[in-house]
Amino acid sequence: MKNLFQYILFFAFALIISSCGNSDDDVKFDINNSELGLGEEPDDCLGFGENELLLSIQDEFTTLPGKVSILFKVSDLMGNPVSGLLADEFTIYEQGRNDDCFNLISSSESFARISPNTQVFNNNTLLVLDLSNSVLQSSLSELKAASTSFINNVMPSPATESFKMAIYWFDGEDELHLLNPLTSSSAELTAAVDGITADISNDPSTDLYGAVIKSTNIAEDLLDDSVDAIGAASIVLFTDGTDQASRYRESDALKAVDEADRNISYFTIGLGAEIDTEVLSEIGKTASVFASNKEELENTFNDISERVSEQANSFYLFEYCTPKRDGSGENNLVIQVNHSGLDGAVQTKFNAKGFTGGCE
């Protein structure tokens with residue numbers, strides 16, 4: 001009996017050791033995997049190190065006679081957008097059916113370029129303003145000036161249909177009021193801001209959490225409506241206080257932000273001493289700024305406008321002419337970027353069916 005017990009104990013111990021030894025093979029804790037969109041980690045044969053920049057593929061397609069197009073977003077490991085990349089900062093590697101690893105594709109010979117992404121990408125900004133009694137009575141003129149500056153900084157000139165903004169406002173009512181619908185016209189937006197009067201609100205309270213939840217729903221709907229293009233949205237929320245209406249729970253507002261589509265960015269702007277900076281920082285998970293007085297308001301709006309523009313401009317349409325031809329089947333593609341000493345890469349696939357010489 002003693003020998004049998006020892007045998008069972010030994011077998012159980014060995015089973016535990018075996019299970020622990022295989023755990024690393026079964027579970028991979030790799031933050032990059034959830035951030036690469038339609039892409040994946042580059043093949044080990046390339047010998048790349050850990051990503052310092054993240055390339056998240058949003059869409060990919062090919063165009064005859066031989067063009068490959070990839071729409072992706074670039075950010076650093078903290079999630080900050082990386083804008084202003086140039087075509088010569090990208091390197092292309094391809095792997096065909098007869099290749100053991102990837103071959104470098106000349107950027108000059110393949111006519112690699114960063115193309116305008118307006119045909120395949122829509123960017124919408126929701127400016128959400130607290131127009132409760134405290135704002136209307138003490139800082140309305142400063143808010144209007146700051147909002148106008150924000151609009152002029154964010155909206156591209158000349159206007160394009162792929163970049164739009166809408167303005168909403170909230171007070172204590174259970175409604176997110178529309179000030180101006182989605183438009184690409186800066187003049188229309190600034191005119192709407194200029195038309196805000198001190199008697200616009202009938203409820204002096206502040207439904208901050210309701211505004212967060214409702215603006216998130218609007219942003220989600222906008223992304224769903226981007227049928228023929230990839231969509232991104234930015235919610236920019238201004239307030240000078242905390243939630244007073246208690247219509248919605250703080251946890252529900254934060255849950256809406258946490259569970260929102262990854263292509264929705266959140267920015268918050270707080271004014272004065274009555275704000276809860278911790279809550280606003282959680283809502284503004286992309287970026288938050290705070291002004292101690294109304295004289296600083298325009299500068300804080302300008303700070304956020306830079307971040308919103310960077311977010312929109314961190315989406316790139318990278319295109320090149322591949323040497324692969326019809327009959328080569330499915331091919332692997334790796335795009336690597338090197339910017340300011342930081343590297344990042346992502347792998348995907350494309351099919352060269354029908355490809356011939358030349359490229360538009």
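The values are calculated or read from the model by the stated rules, or taken from the named source; none is laboratory data. Everything quoted here is computed from the prediction, not taken from an experiment. With ideal geometry, Cβ positions are generated from the backbone for all residues, glycine too; neighbour counts draw on all protein chains shown. Accessible surface is based on the protein model in full, side chains and every heavy atom, while ligands, DNA and RNA are left aside. Shrake-Rupley method; radii C 1.70, N 1.55, O 1.52, S 1.80 Å.
Before moving on, here are some points about what is shown:
- For Asp174, Asp130, Asp258, the ranking by accessible surface with the largest value first comes to Asp258, Asp174, Asp130, using a 1.4 Å probe.
- Quarter of the Cα convex hull surface for the range 86-243, i.e. its orientation-mean projected area (nm²): 13.0
- Across the range 316-360, the residues whose backbone nitrogen lies under 20 Å from the label position 7 Å along the beta-carbon direction of Leu64 are 320-331, 350-360.
- Surface per residue (accessible, 1.4 Å probe) for the chain, Å²: 49
- Each of Ser106, Ile335, Ala232 was placed along the dipole of the chain (beta-carbon charges, centred on the mean Cα), and the one lying farthest toward the positive end is Ser106.
- Between amide H atoms placed 1.01 Å from N, distances below 5 Å from Ala112 occur with Cys321, all of them 5 or more places distant or on a separate chain.
- Calculated FRET value between Asp99 and Thr160, using beta carbons and R₀ = 41 Å, to 0.05: 0.55
- Zero-based 20 Å bins, Cα pair distances in the chain, whole percents: 26, 44, 23, 6, 0
- HN-Hα J in Hz across the range 79-93 - Karplus 6.51, -1.76, 1.60, θ = phi - 60°, x for Gly and Pro: x, 6, x, 10, 10, x, 6, 10, 4, 6, 8, 9, 10, 10, 10
- Computed from backbone phi, the HN-Hα couplings of the range 234-247 come to 10, 9, 10, 10, 10, 8, 10, x, 10, 5, 10, 6, 6, 6 Hz, rounded to whole numbers (Karplus: 6.51 cos²θ - 1.76 cosθ + 1.60, θ = phi - 60°; Gly and Pro given as x).
- Above-threshold pairs, the threshold being 24 Å between Cα atoms, out of Lys73/Lys353; Lys73/Lys285; Lys214/Lys255; Lys164/Lys255; Lys285/Lys349: Lys73/Lys353; Lys164/Lys255; Lys285/Lys349
- Only helices enter this figure: runs of n ≥ 4 DSSP H residues, each worth -39500 (n - 2.57), summed and divided by the residues of the chain, yield -9500 deg cm²/dmol at 222 nm to the nearest 500.
- For the range 325-342, Karplus couplings with θ = phi - 60° (6.51, -1.76, 1.60), whole Hz, Gly/Pro x: 10, 3, x, 7, x, 7, 10, 8, 10, 10, 10, 10, 10, 10, 9, 6, x, 9
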